[in-house]
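**Q** I have a structure here, written as structure tokens, and I will follow up with some questions on it.
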Amino acid sequence: MTQATRRDRDRAATDREIRQHARSLLVNDGPAAVTLRAIARELGITAPALYRYYDSREDLLEHLRTDVCDDLTVELGNDLVEIAETDNVGQVLAICRGFRGWALAHPQEFALVFASPAATGAYCPVTTPGTAKDSFGRIFLTVAGRVLANGLPITRPGVDVPDALVPDLTTFRDELLSTIAESGVNLSPDQLGVDTAYVMLQFWVRLYGQVALEVFGQFPFPVTDPTPLFESMLADLISDVGL
């Protein structure tokens, strides 16, 4: 083994250790606890030494977000293994329920990825095709692409798209087409129009809103068991998109 190879392996091992400590701080104490100084103290090194691995705290948090997204992607992928690709409703339900279950089990990771600003913009959702950061969004879009490829609409009859949203939705639609194509499903703009992108965006907003309220305990009144409320919302979403 050459000295350079050994050095690379040592660097990779230290990097893994840094992220492990960062993840532990996140889980135990929340995103605010993830600081270079705290991690350096855990590792028994000086804080400036960490700058050989990360440019800043935000740089470390961006990598941590990507790690969390990758873990979520694997978990959701496992949820889909037992469901046939032709079972459109089953796949959509599995993803939505899996996302909620993961969020409730990992509230601090959810807060870091879905409820805190990132220096580079969106990371886990679907606005950065071709990067590791949109791996979570790929799971949703792969299933959506299959639904559309099977000839099933993800829209509502006569859906009225606000004129002010058309430019943004057109860009969003183009990014969706690109990301879905990277998953192996090629769709034409006719199959995924701006109206369909609008409904898909609304679907995500409603799903995210329900899950976030539950994770952060922000329902307007105490709810002993939020599951029936979630399942009712999910049934409405499935119906609204024509499934």
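The values are calculated or read from the model by the stated rules, or taken from the named source; none is laboratory data. Just so it is clear, the model here is predicted, and its values are computed rather than measured. Positions of Cβ are backbone-derived with ideal geometry, glycine not excepted, and every protein chain shown enters the neighbour counts. The protein model used for the area step is the full one, side chains on, heavy atoms only, and it has no ligands, DNA or RNA in it. Shrake-Rupley method; radii C 1.70, N 1.55, O 1.52, S 1.80 Å.
**Q** Would it be correct to say that residue 229 is open to solvent by 60 Å² or more (accessible area, probe 1.4 Å) and over 20 Å from the mean Cα position of the chain (by Cα)?
**A** Judged against the criteria, residue 229 is a match.
**Q** For residues that are touching a Pro at 6+ places or on another chain (Cβ under 9 Å) and charged (D, E, K, R), scanning just the range 170-208, find the one that is least open to solvent (accessible area, probe 1.4 Å).
**A** My answer is 173.
**Q** Report, by residue number, each residue of the range 19-30 that is in contact (Cβ under 8 Å) with a residue 24 or more places away in the chain and within 16 Å of residue 71 (Cβ to Cβ).
**A** 19, 22, 23, 26, 27
**Q** Got at least one residue in the range 41-54 being open to solvent by less than 40 Å² (accessible area, probe 1.4 Å), free of Cβ contacts under 8 Å to residues at least 12 places away in the same chain and farther than 14 Å from residue 21 by Cα?
**A** yes
**Q** Next question. Give the residues of the range 32-60 that are of a type outside the set (Asp, Glu) and outside any helix (DSSP H, G or I), sorted by residue number.
**A** Those that are of a type outside the set (Asp, Glu) and outside any helix (DSSP H, G or I): 34, 35, 44, 45, 46, 53, 54, 56.
**Q** Turning to a different aspect of this structure: Could you tell me which numbered condition residue 96 fails, if it satisfies all but one of (1) open to solvent by 20 Å² or more (accessible area, probe 1.4 Å); (2) under 20 Å from residue 208 (Cβ atoms)?
**A** (1)
**Q** Among the numbered criteria (1) open to solvent by less than 50 Å² (accessible area, probe 1.4 Å); (2) in a helix (DSSP H, G or I); (3) of a type outside the set (Gly, Ala, Ser), which one does residue 63 miss?
**A** For residue 63, the failing item is (1).
**Q** Would you confirm whether or not the range 67-87 contains a residue that is among the hydroxyl-bearing types (Ser, Thr, Tyr), open to solvent by 30 Å² or more (accessible area, probe 1.4 Å) and more than 23 Å from residue 214 (Cα to Cα)?
**A** Checked against the condition, which is being among the hydroxyl-bearing types (Ser, Thr, Tyr), open to solvent by 30 Å² or more (accessible area, probe 1.4 Å) and more than 23 Å from residue 214 (Cα to Cα), the range 67-87 yields at least one hit.
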